[in-house]
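The values are calculated or read from the model by the stated rules, or taken from the named source; none is laboratory data. Computed from a predicted model, the values in this text were never measured in an experiment. Note that each Cβ is placed from the backbone with ideal geometry, even for glycine, and that neighbours are counted across all protein chains shown.
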Amino acid sequence: MIANIFIHYFICSAAREREKAQKLLAQRQLTEAKAPASSSRAASPMGNLARGGKKATPAPKSVPAANLDQRQLDLAGLNLVDKEPSKAEEAPNMTFAHDKLLEEVKKTIEAQEAEGKQRLSLVVIGHVDAGKSTLMGRLLYELGRMDERTRLANERNSIKVGKSSFSWAWGLDGTTEERERGITMDVALESFATTKRQITVLDAPGHREFIPNMISGASRADCALLVVDASNGEFEAGFQRGGQTREHLVLARSLGVAQVIVAVNKLDQVEWNNDRYDDICTLLRPFLVQSGFHPSKTTFVPIGAMLGVNLVGREGDDAKQLAQWYKGPTLVDLLDKLEPPQRDIATPVRIPISNIFKGQGSGTSVSGRLLSGVVQVGERLRVQPGDETAVVKSIEVEEENVPWAAAGSNLTLALVSVDPIQLTIGSVLCPLLDPVPLASTFTARILIFDIQVPIISGAMVELFHHSRDVPATISKLIATLDRTSGKVVKSNPRVLAKVSSAEVQITIRPTGSSGRSIPMEPYAVNKAMGRILIRREGETIAAGIVMDILG
Ligand SMILES: Nc1nc2c(ncn2[C@@H]2O[C@H](COP(=O)(O)OP(=O)(O)OP(=O)(O)O)[C@@H](O)[C@H]2O)c(=O)[nH]1
């Protein structure tokens, strides 16, 4: 009945997103083309999209024009073909009634707690080149999640292109461009287990050019691992004004991340100097408190990512110098003690989409974080904004197909009975009867950072909400607030100065691709859906929470 559009590239709301998605498809195709059929999951140089054996749908085969009737020719010209009712697209039925599902989820979470195997998501943040991907690559290897064959292949291939020092990072940085440039550009997803935790890792890019991707990664995490480079001058570069050590910490905290492990890396570059380690910790401690991290939720660990020192142990010659002055926990010991957050399973489903890709013969797949609620296979969800609905054909969490997933999971959903053109990065999947409100104008309480140019009414900004960023205007300065009590200090101020708190009205400016309204909720209704970040000219100027949606 409806013509099916063959999608040769992903459907995203903005050019940046489209480019990102195209890159991911290329990455998946490259990975799949290269990977042997039996390749282990650790063997794939992946982002989350490269996993799970999914394949991009091949382009339709061309048919000689002489063999087509007029209608087919018209359709061919439009790049349309009749939709064949495919078996793969058949919508499955739901297994559980909602209350039964909630019971099942509670039981499972309790069992996980009793087993001492709790799940959490960890975003790896820090200034460019601090060693985030190297650390993750090495840690995956030490924990047995990267096999020897992959390690050797990464070593060999990185030597071949003169990038041998990035060989560990290649376990995470999978695209040709990332490997050529030696930097992470998009968030890569991985997972590993410690004794008591099952951890999903989101390796964020450190380069300031990719802050939007870092925001998208941090908004999917419960905890953060900040990596700082102990080399002389390098720690200072990241920690100075405008450095990403500072910016990432502030962004992560503003997005609700409350626990952080600080890994002081590359200590081999300073001869494992104890004083250098202590100085770095001393400089970071007050900044962490100032950024809103409670000292009891902040831990420090000295490491050498490349040599694998103090990640899971301190054996061997490389660790001798450190072992002379450090007797504390290893990185894995600290990961094992991270507190899993409360799961908001009773609130309606909210899944902001962070990636969209074509599944093999099974419609479209999307990935993102289930912020609240519980979702199951067979469930029909609404896509906001818009009138579209979709049925969940399958759910994948940490490379396993599961019948349901609960709040906090980073998941991939295969969707059927959906027009993929209606899906965009930043769209939110929600229950049919409990849709997320759409906002074009709303009020927000914001905390203004150390900005150089004060904010005035009419200021043009970029608004970040999960993986979506849209142009917006600070349309009204309602009041300045006392930073501690939140009480109004002055109504209708003329400007908002740096390091102050305020209530403002924000209006989203329409764009060709994303319209005027975006799905969001007041913080009082759903914390994770009510957090925003405001940037201007590539600088994060404020973070805030949504108060009231005005229209
Ligand atoms: N000497 C030394 N070099 C390291 C260590 N860890 C990482 N490096 C080097 O630091 C450089 C950057 O490492 P990456 O892992 O790509 O850094 P990153 O933080 O992931 O970079 P972005 O994601 O692009 O910000 C590479 O050349 C690594 O070999 C370490 O423990 N010691």
Whichever residue in segment 172-191 is more than 12 Å from the ligand (Cβ to nearest atom) and closer than 18 Å to residue 218 by Cα and, among such residues, is surrounded by the most Cβ atoms within 10 Å (Cβ to Cβ): 190
Mind listing whichever residues of segment 167-208 are over 22 Å from residue 411 (Cβ atoms) and of a type in the set (Phe, Trp, Tyr)? 168, 170
Subset of segment 151-166 [more than 8 Å from the ligand (Cβ to nearest atom) and closer than 29 Å to residue 338 by Cα]: 151
Identify, please: which residue in segment 257-280 is away from the ligand (no atom under 16 Å from the Cβ) and surrounded by fewer than 17 Cβ atoms within 10 Å (Cβ to Cβ) and is, among those, nearest to residue 222 (Cα to Cα)? 258
List the number of the failed condition for residue 199; all other conditions in (1) more than 17 Å from the chain's Cα centre (by Cα); (2) in a strand (DSSP E or B) hold. (1)
Collect the residues in segment 289-322 that are among the hydrophobic types (A, V, I, L, M, F, W, C), more than 21 Å from residue 232 (Cα to Cα) and surrounded by 16 or more Cβ atoms within 10 Å (Cβ to Cβ), keeping them in residue-number order. 293, 311, 312
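Checking the condition surrounded by 19 or more Cβ atoms within 10 Å (Cβ to Cβ), touching a Leu at 6+ places or on another chain (Cβ under 9 Å) and under 21 Å from residue 249 (Cα atoms), which residue from 464, 442 passes?
Working: 442 fails: under 21 Å from residue 249 (Cα atoms).
Of the residues listed, the single one that is surrounded by 19 or more Cβ atoms within 10 Å (Cβ to Cβ), touching a Leu at 6+ places or on another chain (Cβ under 9 Å) and under 21 Å from residue 249 (Cα atoms) is 464.
State yes or no: is residue 219 surrounded by 24 or more Cβ atoms within 10 Å (Cβ to Cβ), out of contact with any Ser or Thr (no Cβ under 6 Å at 6 or more places or on another chain) and among the hydroxyl-bearing types (Ser, Thr, Tyr)? Walk me through how you get there before you give the answer.
Values: surrounded by 24 or more Cβ atoms within 10 Å (Cβ to Cβ): yes; out of contact with any Ser or Thr (no Cβ under 6 Å at 6 or more places or on another chain): yes; among the hydroxyl-bearing types (Ser, Thr, Tyr): yes.
Judged against the criteria, residue 219 is a match.
Step by step: first the residues of segment 317-350, then only those that are within 14 Å of the ligand (Cβ to nearest atom) and not aliphatic (A, V, I, L, M), then the one that is farthest from residue 104 (Cα to Cα). Which residue is that? Steps first, please.
Initially, segment 317-350 is screened for residues within 14 Å of the ligand (Cβ to nearest atom), giving 318-319, 321-322, 331.
Restricting the remaining residues to those that are not aliphatic (A, V, I, L, M) gives 318, 321.
Numbers: 318: 48, 321: 50 Å.
It comes out as 321.
In segment 290-315, what residues are closer than 30 Å to residue 544 by Cβ and at pLDDT below 95? Write out each step before concluding.
At the first step, the residues of segment 290-315 found to be closer than 30 Å to residue 544 by Cβ are 290-300.
Scanning segment 290-315 gives 290, 291, 292.
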Residues located in segment 492-526, provided they are within 24 Å of the chain's Cα centre (by Cα), of a type in the set (Gly, Ala, Ser) and within 14 Å of residue 445 (Cα to Cα): 524
Residue hits (segment 123-151; surrounded by fewer than 24 Cβ atoms within 10 Å (Cβ to Cβ) and under 21 Å from the mean Cα position of the chain (by Cα)) are 128, 129, 140, 145
Within segment 319-326, identify whether any single residue is assigned to a loop (DSSP other than H, G, I, E, B), more than 20 Å from the chain's Cα centre (by Cα), outside the structural domain of residue 423 (by TED's automatic domain parsing) and not hydroxyl-bearing (Ser, Thr, Tyr), and answer yes or no. no
Return the pairs, sorted by first residue and then second, in which the second residue is in a loop (DSSP other than H, G, I, E, B), the first residue lies in segment 273-294 and is basic (Lys, Arg), the beta carbons are less than 9 Å apart, and the residues are 6+ apart or on different chains. 276/230; 276/232
Regarding residue 220, is this residue in a loop (DSSP other than H, G, I, E, B) and outside the structural domain of residue 545 (by TED's automatic domain parsing)? yes
So, restricting to helices (runs of 4 or more DSSP H) that lie completely within segment 113-195, which ones have at least 2 residues that are among the small types (Gly, Ala, Ser) and farther than 23 Å from residue 370 by Cα? 132-142, 148-160
So which of 511, 473, 484 is surrounded by 13 or more Cβ atoms within 10 Å (Cβ to Cβ) and either over 30 Å from residue 348 (Cα atoms) or among the hydroxyl-bearing types (Ser, Thr, Tyr) (or both)? 473
Residues satisfying the stated conditions in segment 472-523, i.e. touching a residue at least 24 places away in the same chain (Cβ under 8 Å) and in contact with an Asp or Glu (Cβ under 8 Å, 6 or more places away or on another chain): 472, 478, 479, 481, 498, 499, 501, 522
Hey, residue 529 in contact (Cβ under 8 Å) with a residue 24 or more places away in the chain, of a type outside the set (Asp, Glu) and more than 14 Å from residue 445 (Cα to Cα) or not: yes
Within segment 152-167, track down each residue that is crowded, with 21+ Cβ neighbours inside 10 Å and in contact (Cβ under 8 Å) with a residue 60 or more places away in the chain. 154
Residues in segment 415-438: is at least one assigned to a strand (DSSP E or B), polar (S, T, N, Q) and closer than 22 Å to residue 549 by Cβ? no
Restricting to segment 192-211, give me the number of residues that are more than 9 Å from the ligand (Cβ to nearest atom) and surrounded by fewer than 20 Cβ atoms within 10 Å (Cβ to Cβ). 7
A careful count of residues in segment 223-254 that are in a loop (DSSP other than H, G, I, E, B) and more than 11 Å from the ligand (Cβ to nearest atom) gives 6
